[in-house]
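Just so it is clear, none of the values below were taken in a lab; they were calculated from the coordinates. Because the structure is a prediction, the values reported are computed rather than measured. For neighbour counting, all protein chains shown are included, and Cβ atoms are generated from backbone atoms with ideal geometry for every residue, glycine included.
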Amino acid sequence: MPNETPKRWEQAGWATYAGIMLFGGGLVGIVNGVWALRYQDRVADLVLAERNLGLWGWTALTVGVLMLGTGIGVFYGRDWARWTGIVLAVVAIAWAVGWAEIQPTQSLIAALIYGSVIYGLATHPVTVETGP
């Protein structure tokens, strides 16, 4: 056992948190988008989509799929995923602010979570050496 090479665990700490939040946000976006597309023929009072539930659904679905894929990329330590995650987190903050009039507490919490995702992705990933 003394000849074993130490293992490396990359993307520890904040980056792992950011990957989990992007993956979870992607799942929620996909569910919301599918729901909106299912009920797109009904009238809804939406702040951003001007009563167009179909447009809102496609937007949520697209951003959700992008977030899900980006979260997986962050888990694999890809640089493109870090930068894409930062852009998607900014989009998510803008989305949350758009809903602030209807759901102020949820919007504030979402904006704070995605702000911490930006922090986690903007800082350099930590590499933890393990082994003897």
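Shape descriptor for the stretch 20-124: Rg over Rh equals 1.00 (Cα atoms; Rh from the Kirkwood inverse mean 1/r).
Based only on other Cβ atoms within 10 Å, what is the fewest-to-most ordering of S107, S116?
S116, S107
Between Rg and the Kirkwood Rh of the stretch 64-127, both from Cα atoms, what is the Rg to Rh ratio? When Rh is taken as the Kirkwood radius, the ratio is 1.03.
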